[in-house]
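These notes are about the structure you will find just below.
The values are calculated or read from the model by the stated rules, or taken from the named source; none is laboratory data. Small disclaimer: the values here were computed from a predicted structure and weren't measured. In this analysis, Cβ positions are derived from the backbone assuming ideal geometry, glycine residues included, and neighbour counts consider all displayed protein chains.
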Amino acid sequence: MCERPGPAPCAGCLATLRAAPSLAVPAGLVACRALLAYDGPGRDLVARLKYRNARSVLPWLAAGMAALTVAAGDEVDVVTWAPTTGQRRRERGFDQAELLARRVARELGRPAVALLQRQPGPHQTGLRLAERQAAPRFRPRRAVARAAPCRRVLLVDDVVTSGATLTRASRVLTDAGAAAVVGLAAARTAPPRSRGP
Ligand SMILES: [Zn+2]
């Protein structure tokens, strides 16, 4: 990704971006879509979400994500997101998954509602790697009781890796009565390259 500032990738960078890999839908979701492959230029672009003040790529990413949803013919009633930790949100002053979700919701003409709360994890120090990498846990916010039952929920995150985060989050929503949960991310990682014949 070049350093040219702006709300969207320049034509040169655009040509280097790759579409997200087509991978299995994580458990608990009826579909899971992502705009970009999370490596190289796509990874750089998503990292720019962290610099919200520097004419962020947020509108460009959200428009592309919304277009994926429309192209797939997904009817969704409400948009929500998998929230980051309270600590990270305080450090940055915003939650990039929330920024994406709110913008996607506006593009789709649907309400964005905070339905999930991230459960505080155990202190990271002293944990084994596997424990640190374990998927986060979520609990329902009060709004779930009115906004989830019988609704099709669009669940937004910035990056999908294993899909375990979306699976965990979707479980809370379906337990609250959501009719279906559709995953949507700015980028998705490819699985580790297998060394097959
Ligand atoms: Zn460029």
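The table below lists the values:
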item: Single condition residue 153 does not satisfy, out of (1) buried (at least 22 other Cβ atoms within 10 Å of the Cβ); (2) on the phi > 0 side of the Ramachandran plot; result: (2)
item: Members of the range 141-159 that are farther than 21 Å from residue 108 by Cα and at pLDDT below 95; result: 142, 145
item: Count - residues of the range 157-185 that are assigned to a strand (DSSP E or B), β-branched (Val, Ile, Thr) and farther than 11 Å from residue 32 by Cβ; result: 1
item: Evaluation of residue 36 against (1) within 16 Å of the ligand (Cβ to nearest atom); (2) under 16 Å from residue 65 (Cβ atoms); (3) more than 15 Å from the chain's Cα centre (by Cα) (one fails), failing number; result: (3)
item: Qualifying positions in the range 140-156 - assigned to a loop (DSSP other than H, G, I, E, B) and either touching a residue at least 60 places away in the same chain (Cβ under 8 Å) or out of contact with any strand residue (DSSP E or B) (no Cβ under 7 Å at 6 or more places or on another chain) (or both); result: 142, 143, 148, 149, 150, 151
item: Residue match in the range 37-54 (condition: over 29 Å from residue 134 (Cα atoms), surrounded by fewer than 14 Cβ atoms within 10 Å (Cβ to Cβ) and either modelled with pLDDT of 85 or more or not polar (S, T, N, Q) (or both)); result: yes
item: Flag if residue 74 is assigned to a helix (DSSP H, G or I) and at pLDDT 85 or above; result: no
item: Tally, over the range 1-23, of residues that are more than 9 Å from the ligand (Cβ to nearest atom) and either under 20 Å from residue 38 (Cβ atoms) or aromatic (Phe, Trp, Tyr) (or both); result: 9
item: Given (1) assigned to a loop (DSSP other than H, G, I, E, B); (2) β-branched (Val, Ile, Thr); (3) within 16 Å of the ligand (Cβ to nearest atom), number of the condition residue 84 does not satisfy; result: (3)
